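The values are calculated or read from the model by the stated rules, or taken from the named source; none is laboratory data. Just so we're clear, the structure is a prediction, and the values are computed from it rather than from any experiment. Positions of Cβ are generated from backbone atoms using ideal geometry, with glycine treated the same way; all protein chains shown enter the neighbour counts. Only protein heavy atoms, including side chains, enter the accessible area calculation; ligands, DNA and RNA are left aside. Shrake-Rupley method; radii C 1.70, N 1.55, O 1.52, S 1.80 Å.
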Amino acid sequence: MKKVFHVLLTLTICFNLSAYSQDNAVLQNIVSKLKLLSADHIIEKAYLHFDKPYYAAGDTMYFKAYVILGERHDLSKASGILYVDLISPKNISVASIKVQLVDGVGWGDFALPDSWKEGNYRVRAYTKYMRNDPDYFFDQVIPIGSISNNSITENSTAMAQNAKADVQFFPEGGDLVTGLVSKVAFKAIGTNGLGINVKGVIVDNANTEVSRFSSTHLGMGIFYFEPQEGKSYKAKITYADGSQNTVDLPKPKLEGIVLAVSDTLDKMSIEMHCNKAYLQNNLNKEVNLVVYSGGMVTSVNTKLDNRAIGMDVPNKNFVSGIVQVTLFSQSGEPLSERILFLQNHDLLNLAVTSNKTAYKNNEKVQINVNAKNNAGIAATGHFSVAVIDESKLPVDETAENTILTNLLLTADLKGYVEKPNYYFTNNTKNAGADLDALMLTQGYRRFSWKELLSDSYPKFTIPSETAFEIAGQAKVDGVPMVKKSILLRATSDAAFGNRLLSQQTDETGKFKFDGLVFNKTAQFVIQSEKSKGKTAQIILDAEEPAPAVSNNNLPGRASDINATMQVYLNNVKEQAANFTNNTVVLENINVKGKPLYKSSSLTGAGNADQVITNDDIKGFTNLSDVLNGRLHGGYVQGGVPYLSSSRTISAGMEANEPMLVIVDGVSYTGSIDNFSTSSIETIEVLKNQNAAIYGIQGASGVLVINTKQTMSTSESQTTPLGVLQFKRTGFYKAREFYSPKYETTGQTNNQPDLRTTIFWKPELLTDKDGNASFEYYNADGHGSYRLVIEGIDEKGNIGRQVYRYKVE
């Protein structure tokens, strides 16, 4: 007879023990380990919402990034930089950008060259803090097609999937135990990494059939059978083409205890089953049950006085997502484990309405959005919107990666999850059973009990970063320069403009400028104070290299890609043809651009009155000899340059004021003959209006000396002045999505509007009443238009809604 009791617990965040376990040292130890994990190993996750599911070479790939901190989906304020890489089918990073995060959100894009070959590309996104646990990097396959049919065949696989198919069997709770009816899940994967259909029979060592099985979804399925003592078992597998194979099942344990867990809509049913041998050896010993989900834990302690013990736990006490149920022995040894997916009614309700249900081509569409939480309270949050023409861009909804599939399911599971949205779009009994089979066949990545209980869980040592930093060390004759000033100035786009920033070196000569915000590629000059009349060597810390790209042979065959998006590629071809047919060939026009040369002048290259290059100074020993005779309207005296026109009268005496000398962007007052002529790349001369940018200091002209030092981010460099010029890549400035406006409905265009992404809005904010609105114009295409809105509110609630309308 089964022992049954109900668990009516009010769960609280982090780790209050239930009434069953207040004095249980084993449970207290387990819960304390979980508490430590939650405090010291806070997980940060990233999710990217793309404007469409696949692309063609020549497209622009738009995305919105959501970064959450912790297990309750709170938008992260810990990180301010998201690194986003576009990775080729050959596992090479072909494009990388840095996206600025503000309150956990940011957006960007990749322009895809039209010369790219088709293939399964990937987008990887991570913060610096996420490098503590790279398993939580965002990594999604993005198919890219090509109208030039440049197929990639390296990743193609043979059609003979069955010969090398991998079929594995997973008993519920972890073990087969003799004398216990076991629920066994299985998963069959072909050589392309995708599920394949199989069926078969389970036979014992006497070749007697004991059960049958058949896959129900993507190579997965479930069957039941009761192992007997003294017997072993095999699965005779039949593939779709009739070929067969045999696989050994796990060896049954002679004594054991296992978990059986199921979701019964409003409650989670948990049962513990043991065989006679285990009960005899462990009668009246304590067993401990721990349920963990979303940073919350509850625990139950009871005596093992029955072969079957059952309990019910209300689902309302848990958030949607993966629940981990673990059974421990009296001594704290993990005995059995099960993960389950709970989908509660705790998601955002996003109500989308339009001013019409059907439209004409090129007609204005007005959309209103209202967001409420599960309690019906208005939700203020960040959202993103993508509208596509489904007639030109067909979507397999079951295969989509969404904010729900990622943050609730796939981010916490090991391995590849095929067609993840199937489990969210099909609210049927069969889909629920298929989801349960997925839970039985996929591993949970949040933690392992072995590492956690032995205190061997890897420490998180990499801090988060909110902005850029520039750090390094200053030395004089190899000795650290202590308590000396280091000056930093940006000579191009940066948040702090041209003002000087100052830091002091520490006892080891190290310095750091942090909290820097700048866009694109910014140019900097860093300068050290002299020490005992000597100039310093400045050694910049290298920018941390990107994590290695894993050799991730993700499912799918590149040779299939163009076929799967043929409708879309046909539209791309039509767009290209229309563009070619409407292109007007202009006469050749000679455009004279500004000369390109190295410049640290505030006016930039091409604005100097005179430029002297390295070729002009070859063969000279010092700069004075170079400039005397070459400096237009000027001369050098005692290593100091003058313009003849810069005469002043002071105290009745006439004198020349020296020119302002700038070396690699920094003002210099010494003799220019301190520089070796071989170290000079260019010299710029600025007069009058061109020198005015330097203010009163440039009234007598400016001489800008640019040395040959490279624009380095990592190399150690020594200059005669303790000056280093370098570049750093800052935040990417996202392109603005172009959405045309039409004055009249159904107007005729000179060039057809064949857009597939009709509208993209990466940042849509709902107000205090949960409302937001926007408008855009349809393209020329007729048929079904599909609007997708996703996002997170300020309380960490996530939501997604799909809305369709007709264009006739």
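When only Cα pairs below 8 angstrom with a gap of at least 6 residues are kept, the stretch 179-329 shows a relative contact order of 17 percent. Legend: calculated FRET efficiency, E736 to D135, from the Cβ-Cβ distance at R0 = 45 Å, rounded to 0.05, equals 0.85. Positive-end ranking of G604, Y121, I202 along the dipole of the chain, with charges on Cβ about the Cα centre, is headed by I202. Partners of K33 within straight-line reach, counting aspartates and glutamates whose Cα lies under 19 Å from its Cα and excluding those fewer than 8 residues away in the same chain: D23, E71, D133, E333, E337, E451, D455. The spacing between the stretch 301-321 and the stretch 611-632, judged by their C-alpha centroids, is 87 Å.
Here the spin labels are modelled as points 7 Å beyond Cα on the Cα-Cβ line, and at T521 and T461 they lie 3.4 nm apart. Cross-link check: pairs K741/K761; K356/K761; K234/K414; K356/K806; K483/K532 evaluated at a Cα-Cα cut-off of 18 Å; pairs beyond the cut-off: K356/K761; K234/K414. Could you sort out which of K316/K459; K64/K90; K392/K419 sit more than 28 Å apart by Cα distance in this structure? Distance filter (> 28 Å) returns K316/K459. Spin-label pair Q504-E794: with each label point 7 Å from Cα along the Cα-Cβ axis, the two points sit 4.1 nm from one another.
Calculated [222 nm] ellipticity per residue, helices only, for the chain: -2500 deg cm²/dmol; basis is -39500 (n - 2.57) per DSSP H run with n ≥ 4, divided by all residues, nearest 500. With Rh defined as the Kirkwood radius, the inverse of the mean 1/r over Cα pairs, the Rg/Rh of the chain is 1.07. For the cross-link pairs K251/K276; K98/K795; K199/K251; K45/K510, the ones whose C-alpha atoms lie over 24 Å apart are K98/K795; K45/K510. Rounded to the nearest 10 degrees, the angle from helix 25-40 to the longest Cα principal axis of the chain is 30 degrees. For the chain, the longest principal axis of the C-alpha atoms and the axis of helix 566-581 are separated by about 20°.
Using C-alpha pairs below 8 Å separated by at least 6 residues, the relative contact order for the chain is 16 percent. FRET efficiency for the T564 to D780 pair, using the beta carbon distance and R₀ = 30 Å, is estimated at 0.75. Specify whether the C-alpha gyration tensor of the stretch 168-280 places it in the rounded, prolate or oblate class, a ≥ b ≥ c being the square roots of the eigenvalues: rounded for a/c under 1.5, otherwise prolate if a/b is larger than b/c and oblate if not. Oblate is the answer for the stretch 168-280, as a/c is 1.5 or above yet b/c matches or exceeds a/b. Here the label points at A655 and Y416, each 7 Å from Cα along the C-beta direction, are separated by 7.8 nm in the simple model. Answer rounded, prolate or oblate for the stretch 227-363, using the Cα gyration tensor with square roots of eigenvalues a ≥ b ≥ c: rounded when a/c is under 1.5, else prolate when a/b is larger than b/c, else oblate. Since a/c reaches 1.5 but b/c is at least a/b, the shape of the stretch 227-363 is classed as oblate.
Accessible area per residue for the stretch 191-239 is 48 Å², calculated with a 1.4 Å probe on protein heavy atoms, without ligands, DNA or RNA. In a simple Cβ point-charge model (Lys, Arg +1; Asp, Glu -1; nothing else charged), the chain has a dipole of about 420 debye relative to its Cα centre. Sorting the segments 227-238, 784-795 by their residues' average number of neighbouring beta-carbon atoms within 10 angstrom, most packed first, yields 784-795, 227-238. For the chain, the longest principal axis of the C-alpha atoms and the axis of helix 429-441 are separated by about 70°. Projecting the Cα atoms of T298, I798, S384 onto the charge dipole of the chain (Cβ charges, centred on the Cα centre) puts T298 farthest toward the positive pole. Atom-type composition of the exposed protein surface of the chain places 48 percent of the accessible area on carbon and sulfur (1.4 angstrom probe). For K267, a cut-off of 16 angstrom between C-alpha atoms picks up these aspartates and glutamates, skipping any fewer than 8 places away in its own chain: D312, D346, D436.
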